[in-house]
Every structure is written in C-alpha cells, then in structure tokens.
Amino acid sequence: MPVYTDLFLRFALNMASMVVLIFGLYYPRYRHKETAIAAALFNIFAFAVLSVLASVQFGITAGFGLFAILALFNLRSEQISKSDIAYFFGSVSIAVLTSIQGTALAFVVLMLVIVLVAIFIIDHPRILRTASQMRVTLDDIPENVVADPVKLNKELSLRLGVNVVSSRIINIDYVAEIVQAEVNFQVRE
C-alpha cells in the first residue's frame with residue numbers, strides 16, 4: 001500500500017474514532033464545548049506530529065515521550081474534571097494508536113473498537129447513575145465541620161435539596177469564613 005494511502009486511511013480512522021469519542025460520547029453527556037474542541041484539536045495535532053516522527057524512523061518511544069510531555073502539561077487555567085481529563089487523553093490515545101506506522105490496520109481498527117466500546121459501557125449514564133458530584137462553597141463554617149461529617153452531609157442535603165451520599169472537605173478558610181467541599185449526591189425522586 002502506498003505511503004500516502006496508508007497515511008490517509010490512518011487519518012480517516014483517527015478522525016472517525018475521535019468524532020465518536022468526543023462528539024458521540026463525551027459532548028452529549030457532559031456538554032463542555034471548550035474541552036471537546038481542545039480534545040479534538042489536540043487529537044489532530046498529535047496525529048500530525050506522531051505521523052511525522054514515525055516517517056523519520058523516530059520510533060514508538062516518541063509516542064510515549066509525547067504522552068510524558070502531555071502528562072506534565074498543566075491544564076490548570078481552569079479546573080478540569082477527572083472525566084474531562086480521561087476523555088482528553090482518550091482522544092490523544094486514539095491519535096497515537098492510529099499514527100504509529102508498522103501496525104496492521106486491522107489491529108488498529110480492533111483496538112479502536114475495543115477502546116470505544118469500553119468507554120461507552122464504563123461511562124454509560126445508566127451504569128453509574130447512582131451519584132453525581134459537584135464542588136460547593138458554604139458561606140459559613142458549620143460547627144464541628146471536620147469532626148461530624150454526618151452533620152455536614154445533612155446540612156448540605158438541606159441546602160442543595162438532594163440526598164448527599166458523602167462529602168469531602170477541600171478547604172476551610174477561617175478568615176473569609178467559607179468551606180469548600182466536594183459533594184457526592186443523588187437527586188431526590
């Protein structure tokens with residue numbers, strides 16, 4: 001198969017898989033436009049860089065090096081959720097899988113199908129629908145906030161109108177008199 005035909009097929013596989021991941025699974029579930037755009041563009045950029053590196057016999061270590069760089073890359077301009085990060089790295093993983101020259105296209109397709117089906121199942125709303133998570137800031141510090149987590153959960157349930165399953169205190173600011181907490185909750189039916 002000519003080099004450019006193989007590259008075109010790999011890019012088509014990359015784009016199709018990335019579109020399924022980002023715009024078929026991620027965006028309809030989370031509706032984070034900026035993360036979807038960033039993940040899609042990063043996928044395309046990573047595919048291009050890895051394809052060039054592969055064409056100059058830079059090898060598979062370059063792909064892992066790119067992952068190491070991405071691991072150090074800090075997306076902290078705003079808080080990003082764990083699921084956003086997972087989908088973001090999933091998009092980059094698809095670029096790595098499809099751009100590595102020398103792997104049979106049938107094997108690449110099989111890996112992409114396995115990855116996408118696994119993501120569909122693992123992050124399906126009906127499977128993990130029992131609890132949602134959010135961060136909240138309380139405008140006062142409840143008494144015994146650390147010593148009595150049950151009391152904090154009751155306070156949060158009342159304020160939010162949901163059943164708080166658990167909470168984790170992230171920060172207590174005695175000067176501003178606020179508490180920041182991560183709350184796992186279920187919507188009341």
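Bear in mind that the values in this text are calculations on the coordinates, not laboratory data. All values derive from a computational prediction rather than experimental measurement. Cβ coordinates were reconstructed from backbone atoms using ideal geometry, including for glycine residues, and neighbour counts include every protein chain displayed.
Per-structure values
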read-out: Stokes-Einstein D for the stretch 132-186, Kirkwood Rh over Cα pairs, 20 °C, 1.002 mPa s (µm²/s); value: 195
read-out: Cross-link reach list, lysines versus residue 82, counting only Cα pairs under 25 Å and skipping chain neighbours closer than eight places; value: 33
read-out: Nonlocal amide H pairs with residue 165, under 5 Å, H built at 1.01 Å; value: 184, 185, 186
read-out: Loop-resident sites, the stretch 100-189, for chymotrypsin sites (Phe, Trp or Tyr not before Pro), counting at most 15 other Cβ within 10 Å (DSSP); value: 174
